[in-house]
Amino acid sequence: MRRIAILIATTGGPVLVDRITPEPAPQSMVCLRRQSDVLPISADYDDFVRPGSGVIMREFGPYEEGAFRLDVSDVIGTGLSWQLGVFAAHAIFESDEHVLSDLETADQIIWLTGTVDYDLNVGDVDHMAEKVESSALMLSEYITKGTPIIFAAGQENAKFLEDHQPPQGITVVSLENTNDLLKVLGLVKEVPAQAPSRNTSFWPMAVLALLAVGAVFAYSQQETVSEKTEEVALEIDVTSDRGENPIFFYGDYLNLWVEVTQEAWVSCFYKQVDGTIFQLYPNDKVVEVQSFSPKHKHVLSGGNNATFAIQFGPPAGKEEVRCYASPNQIDIDPENPPHDVAVDVLRFDLKP
Amino acid sequence: MNKYVIDLALKEVAQAHFVDQDNARSLMNSHAEGSLAASRIYRYVMGGQDDTVAKAVRENLSVRRIYRELLAKTSAFYIPEALAASTEEYPERHGEGCLVRLQDSRAQADQVYLIIEVKDQRRDLPKSLTLFGVEDKMVSLDLPAGRNGVVQTIIDRSSLAAVLLADPKTEIFLR
C-alpha cells in the first residue's frame, strides 16, 4: 500500500487529513484532532459529500452509511478551497492500493488547494502566497527527509506557483479537473503516477524551499506596495491565521494579523472570559513602536518577524482581542475608548 | 361564603408548587447581594449571556426550578420522561414533532452523535437543548445550526448530557 499524506493548504498552515470514517449519521462532519469539536465547515462538507448537492457519494459511492466523519489535524476556517484536498482524501480512502498517511511515514505528500465544482472542474482560489508561506517550515523538514512533495492546484494557481520557481523536491501540478488529480494520485490506470525523483542533497533543498517561499512572499508584498494610493477612511481589520472566528486550545499560539486602510497607530487589548483586560500591543517586548503602513498585513504576534508570541492558557471560554487604529499616537483606555478611532474585534473560543 | 373542595390527590403537588413559588418570590424580592430579577432569568432562558444567572442556575435549586418553569413556557419542543423502560443504552426520545437520539460513533468509541430531528421542516430548528434528570441534575447545550430538519453534533460519551440522555426519566427541552 502506498502511503499518501494529504495536506489541505490554508493561510494558517497546512492541515493534514487524518482519517475518514463512514458513519451511520444523517450528516457528514469535520472534526478536529479526533475530538468532539466539530468544525464550522461541516455544513459545507456535508453538501460536498451528499448526493444531489455534492460529488463525493456520487463519484465514490454508494456507501451503506449515510455520512462521513473527516478528522483533520487543525482548524480549517471559511471558504471552499479545502474541497480539492478533501476530494483527494476520499479518492485515496476508496482506493485499494493507497492509504491515507501521517507525514512522518508518508511515501508522498500532496499539498492541495482549490475548489471542485459539480462537473468536477478544479477552480482557482485566493491567498496563494500566504498559504505557501505558512507551509514553508513544515514542508522544508520533509524535503530534507527526501519525501516527494506535490503541489496541486487549479491552472492559474499552479502557474503562480511555477512562476516563483519552487525548489527541487516539490513538483507543481496544474489541474483542470479531478481526473487530472486522479492521474497525479496514480488512481487512473492508463496513466502512470507522477512520482518526482528523490534528490539526496536535502539540506540545500530545504534552504531553496525557504528562499522560494521568501520569493513568493516578497512578490506578494511587491504587489501591495505597487498599488495606487487612494484616499480612504481609516479602518482596521484584525484576524488570525485561523480565520475570523477561530477555536484555540491551551498551548496554541495566537498569530494575530492586523491590516489598516491608512497609516495609523495601533493598540490592541486582550479580554479574558473573566473580564480581565490587558494590553497586548504595544508591549514591553516591542522596542520601537511605529505606525502601521496601510494595505499590508502586519503579523503582530507569532510570526517570524514578530517580537513576541502569545500562548494560550486558562481560563477557557469566549475571549477577544480588540484593536484600535488612530491617525495619531494616543493612549487608549480600553474601558473608555475614544469615539474617533477605528476598531475591530477578533472573537474566539479558547478550550482546554 | 364560598365552599372549596380540595382534591386530596393534588394537594401534595399544590403544596410543592407553592413552596417553589414562595422560594422564587423570596429570591427575587430579596435585597441581599446576589438576588436575581425574574426578567434577568427570562433573558437568560431566551438565549442571553449572563454568567451570574448561569452560575445561579447551576448552584441554586430554587433558581433552577424557576429556570425550568420559564423554559417549559418558552421551549419549542418538550419531551417528558418516558413511561416505558428501554433496553437500549441510549433510548430514542420522541416528542410532539421531534425526535432526540444518540448514535454511536464508529470512528471514536468514546464519542456519540447527538441527533435531533424535527418532523415539520418549516419550523425553526432548536438552538439549545436543556436536560433535567433525576436528583435535579441539569445540563444545557448550545446546538449548531441545523439543516434539512436535522440538528447534529458530537458529544463525549462520558459527558453529563450523554449520561442524562441514557436515562429515560430525563426531561428534554428544546428551544
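The values are calculated or read from the model by the stated rules, or taken from the named source; none is laboratory data. On a predicted model such as this, the values are computed, not experimentally measured, just so you know. Don't worry about glycine lacking a Cβ; one is built from the backbone with ideal geometry, like all the others, and counts go over all protein chains shown. Surface areas here come from the heavy atoms of the whole protein model, side chains and all, with no ligands, DNA or RNA. Shrake-Rupley method; radii C 1.70, N 1.55, O 1.52, S 1.80 Å.
Taken over region A:19-49, the criterion of being buried (at least 20 other Cβ atoms within 10 Å of the Cβ), among the charged types (D, E, K, R) and not in a helix (DSSP H, G or I) is satisfied by A:Glu23 alone. Given the structure, is B:Arg123 of a type in the set (Lys, Arg), part of a loop (DSSP other than H, G, I, E, B) and either under 23 Å from B:Val45 (Cα atoms) or assigned by TED's automatic domain parsing to the domain that holds B:Asp50 (or both)? Yes, satisfied. Might you check whether a residue that is open to solvent by 70 Å² or more (accessible area, probe 1.4 Å), in the same structural domain as A:Val17 (by TED's automatic domain parsing) and more than 16 Å from the chain's Cα centre (by Cα) occurs anywhere in region A:106-114? No, because not a single residue in region A:106-114 is open to solvent by 70 Å² or more (accessible area, probe 1.4 Å), in the same structural domain as A:Val17 (by TED's automatic domain parsing) and more than 16 Å from the chain's Cα centre (by Cα). Of the residues contained in region B:126-134, none is found to be without any contact (Cβ under 8 Å) to a residue 24 or more places away in the chain and in a loop (DSSP other than H, G, I, E, B). Between A:Ile277, A:Ile236, the distinction of being open to solvent by less than 20 Å² (accessible area, probe 1.4 Å) and of a type outside the set (Gly, Ala, Ser) belongs to A:Ile236 only. Only one entry of A:Glu335, A:Glu319 meets the criterion of being modelled with pLDDT of 80 or more, open to solvent by less than 40 Å² (accessible area, probe 1.4 Å) and within 23 Å of B:Thr52 (Cβ to Cβ), and that entry is A:Glu319. Out of curiosity, is A:Ser81 in the same structural domain as A:Thr171 (by TED's automatic domain parsing), farther than 22 Å from A:Leu182 by Cα and open to solvent by 20 Å² or more (accessible area, probe 1.4 Å)? Judged against the criteria, A:Ser81 is not a match. Selection over region B:129-175 of residues that are open to solvent by 20 Å² or more (accessible area, probe 1.4 Å) and away from chain A (no Cβ under 13 Å) gives a count of 15.
Of all residues in region B:135-150, those satisfying the criterion of being out of contact with any Asp or Glu (no Cβ under 8 Å at 6 or more places or on another chain) and either among the β-branched types (Val, Ile, Thr) or assigned to a loop (DSSP other than H, G, I, E, B) (or both) are B:Lys137, B:Val139, B:Leu143, B:Pro144, B:Ala145, B:Gly146, B:Asn148.
I'd like to check something: does region A:4-14 contain any residue that is open to solvent by 10 Å² or more (accessible area, probe 1.4 Å) and hydrophobic (A, V, I, L, M, F, W, C)? Within region A:4-14, not a single residue is open to solvent by 10 Å² or more (accessible area, probe 1.4 Å) and hydrophobic (A, V, I, L, M, F, W, C). Considering each residue of region A:273-280 in turn, none proves to be under 22 Å from the mean Cα position of the chain (by Cα), in contact (Cβ under 8 Å) with a residue 60 or more places away in the chain and not assigned by TED's automatic domain parsing to the domain that holds A:Leu32.
It is to be established whether one or more residues within region A:110-132 are among the hydroxyl-bearing types (Ser, Thr, Tyr), part of a loop (DSSP other than H, G, I, E, B) and over 26 Å from A:Trp257 (Cβ atoms). Scanning region A:110-132, I find at least one residue that is among the hydroxyl-bearing types (Ser, Thr, Tyr), part of a loop (DSSP other than H, G, I, E, B) and over 26 Å from A:Trp257 (Cβ atoms), so the answer is yes.
Inside region A:338-352, residues that are of a type in the set (Lys, Arg) and open to solvent by less than 70 Å² (accessible area, probe 1.4 Å) make up a count of 1.
Here is a yes/no grid of residues against (1) at pLDDT 90 or above; (2) in contact with a Cys (Cβ under 7 Å, 6 or more places away or on another chain); (3) among the β-branched types (Val, Ile, Thr):
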site: A:Ala106; (1), (2), (3): yes, no, no
site: A:Gly114; (1), (2), (3): yes, no, no
site: A:Gln155; (1), (2), (3): yes, no, no
site: A:Asp163; (1), (2), (3): no, no, no
site: A:Val173; (1), (2), (3): yes, no, yes
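Does at least one position in region B:68-91 carry a residue that is open to solvent by less than 50 Å² (accessible area, probe 1.4 Å), under 17 Å from A:Gln27 (Cα atoms), away from chain A (no Cβ under 12 Å) and aliphatic (A, V, I, L, M)? Looking through region B:68-91, none of the residues is open to solvent by less than 50 Å² (accessible area, probe 1.4 Å), under 17 Å from A:Gln27 (Cα atoms), away from chain A (no Cβ under 12 Å) and aliphatic (A, V, I, L, M).
Applying the criterion of at least 3 residues that are under 27 Å from B:Gln121 (Cβ atoms) and not aromatic (Phe, Trp, Tyr) to the strands (runs of 3 or more DSSP E) found wholly in region B:35-106 leaves B:93-95, B:98-104. Taking the listed residues A:Lys285, A:Lys297, the one that is under 24 Å from the mean Cα position of the chain (by Cα) and open to solvent by 30 Å² or more (accessible area, probe 1.4 Å) is A:Lys297, with no other qualifying.
If you go through region A:50-73 and keep only what is in contact with a strand residue (DSSP E or B) (Cβ under 8 Å, 6 or more places away or on another chain), more than 13 Å from chain B (Cβ to nearest Cβ), open to solvent by less than 40 Å² (accessible area, probe 1.4 Å) and touching a residue at least 24 places away in the same chain (Cβ under 8 Å), you end up with A:Val55, A:Ile56.
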